[in-house]
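The values are calculated or read from the model by the stated rules, or taken from the named source; none is laboratory data. This is a predicted model, so every value here is computed, not measured. In this analysis, Cβ positions are derived from the backbone assuming ideal geometry, glycine residues included, and neighbour counts consider all displayed protein chains. The accessibility values were calculated without ligands, DNA or RNA, using every heavy atom of the protein model including side chains. Shrake-Rupley method; radii C 1.70, N 1.55, O 1.52, S 1.80 Å.
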Amino acid sequence: MELTNIGTVKELLAKNGFSFSKSLGQNFLINPSVCPKIAEMGGCRKGSAAIEIGTGIGVLTKELALRCDKVIAVEIDERLRPVLDETLAGFDNIEIIFADILKTDVKKLISEKLTGYGDIFICANLPYYITSPVIMKLLEDRLPIKAVTVMVQKEAADRICADMGTRECGAVTAAVNYYSSPEMLFRVNRGCFMPQPNVDSAVIRLDINDKPRYDVGDEKLFFRIIRAAFSQRRKQMLNPLSTALGTDKERLSEIFDKCGIKRNARPEELKMEEFAALCRSISAEI
Ligand code: SAM
């Protein structure tokens, strides 16, 4: 079945009485070249396994299953079950779990279902309403995976792949850079989806590092600092930081001095190394 043929997809969905849920971010891919590209560039190959988030009608699931030995897909919408039974009928290496990815223990899923399958790759056309929480969950859970390759809104992709120390970066940029090496892969026009969203998208890949790329000392404190610093992205970070940490401003200013950070620095001016040094100093002195 041609899952990128609009006529076929419309007929299939009508037959199953399926209507798109905007709140679940259901914009399905109907361009034939995008899913094979995600699977290829996402690292999928024989001797490996893939985890997908959000199957839709299975257009990407199928491409992953053609390349990997095993695919586990997590989809929240039970209404897609009869559709997927039909579209993925020919595959015996796909298992679909109907659940909310944010409530799923992915580490357990991997140990129970993917042990012995070689390298594991996560690939998805993410539901946009939960892009950041999903990415943060996948990274913070420290999963035994090689890479996360996902389609997100273009603006989110620009933010995630921005260089630290530039106007485009944010808290998510710092988090992603801590756990992985991010790369912008390719842009995807809004016309490649049904229904068509009113934004363009991009596919990014996060290559997961065996251990974090920066020595921050206290990891929990690092993320508190990042969140507080970027809570007012364009403003000086001393104030929100002293409030969040409950620390006297003068004391914090001295730590800034010690780390070679300007007292009036804005978070978007700092490199990862500077945030890491700040975290180590705060941890040691407060
Ligand atoms: N992979 C398909 C494609 O490319 O056409 C569908 C992508 S669509 C943008 C996002 C999918 O994620 C939908 O099928 C939606 O039902 C599912 N989804 C939404 N929220 C979810 C959640 N919390 N957990 C798992 N799946 C979710």
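About its Cα centre, how strong a charge dipole does the stretch 100-189 have in debye, to the nearest 20, once Lys and Arg get +1 and Asp and Glu get -1 at the Cβ?
So the magnitude is around 120 debye.
With a cut-off of 14 Å, note down the residues of the stretch 214-243 whose backbone N falls inside the zone around a label point 7 Å from the Cα of SER283 toward its beta carbon.
Residues passing the 14 Å test: 214-226.
For the chain, calculate the relative contact order in percent as a whole number, restricting contacts to Cα pairs under 8 Å that are 6 or more residues apart.
Relative contact order of the chain: 15 percent.
Which net charge results for the neighbourhood of CYS35, defined as the other residues with beta-carbon distances under 13 angstrom from its beta-carbon, given Lys and Arg at +1 and Asp and Glu at -1?
Once positives and negatives cancel, what remains is -1.
Kindly state, to the nearest 0.05, the FRET efficiency for ASN264 paired with LYS137, given R0 = 35 Å and r defined as their beta-carbon distance.
Calculated transfer efficiency: 0.50.
The chain: Rg/Rh from Cα coordinates, Kirkwood Rh?
Reported Rg/Rh, Kirkwood definition of Rh: 1.04.
GLU219: net charge of surrounding residues, Cβ under 14 Å, Lys/Arg +1, Asp/Glu -1, itself excluded?
Summing Lys and Arg as +1 and Asp and Glu as -1 gives +3.
Starting from the Cα of LYS10, step 7 Å along the direction of its Cβ; do the same at VAL199; then give the gap between the two resulting points in nm.
Taking the two extended label points, one gets 2.8 nm.
For the chain, build the charge dipole from Cβ charges (+1 Lys, Arg; -1 Asp, Glu) around the Cα centre, then report which of MET136, VAL199, GLY43 sits farthest towards its positive end.
VAL199
Between LYS271 and ARG187, 0.36 nm times their residue separation minus their Cα-Cα distance comes to what?
27.6 nm
Decide, for the stretch 6-96, between rounded, prolate and oblate: order the square roots of the alpha carbon gyration tensor eigenvalues as a ≥ b ≥ c, take rounded if a/c falls under 1.5, and otherwise choose prolate if a/b is larger than b/c, else oblate.
The shape class here is prolate.
Work out the length of the dipole vector of the chain about its Cα centre, built from +1 on the beta-carbon of each Lys and Arg and -1 on the beta-carbon of each Asp and Glu, and round it to the nearest 20 debye.
The calculation lands at about 540 debye.
Does the stretch 41-158 come out rounded, prolate or oblate by the C-alpha gyration tensor, with a ≥ b ≥ c the root eigenvalues, rounded set by a/c under 1.5 and, if not, prolate when a/b is larger than b/c and oblate if not?
rounded
In Å², what does the accessible area per residue of the chain work out to with a 1.4 Å probe?
That works out to 45 Å² for each residue.
Does the stretch 161-263 come out rounded, prolate or oblate, given a ≥ b ≥ c as the square roots of the eigenvalues of its C-alpha gyration tensor, rounded meaning a/c under 1.5 and, failing that, prolate meaning a/b above b/c?
prolate
With angles folded into 0 to 90 degrees, how steeply does helix 249-258 sit against the dominant principal axis of the chain? Use alpha carbons for both and round to 10.
Roughly 80 degrees between the two axes.
Counting DSSP beta bridges with both partners in the chain, what percentage is antiparallel, nearest 5?
Bridges in the chain are about 45 percent antiparallel.
With N denoting the number of residues in the stretch 219-285, provide Rg(C-alpha) divided by 2.2 N^0.38 Å, to two decimal places.
0.94
Under 11 Å from the 7 Å Cα→Cβ point of GLU2, by amide nitrogen: which residues of the stretch 23-65?
32
Summarise the accessible area of the stretch 164-286 (1.4 Å probe, protein heavy atoms) by the percent that is carbon and sulfur.
Roughly 43 percent of what the probe reaches on the stretch 164-286 is carbon or sulfur.
Just to check I understand the Karplus step: with θ = phi - 60° and J = 6.51 cos²θ - 1.76 cosθ + 1.60, what whole-Hz values come out for the stretch 220-230, glycine and proline as x?
4, 5, 4, 6, 5, 5, 4, 4, 5, 4, 8
Gain in length, ARG234 to THR104, computed as 0.36 nm per residue apart minus the alpha-carbon separation, to one decimal in nm?
Answer, rounded to one decimal: 43.3 nm.
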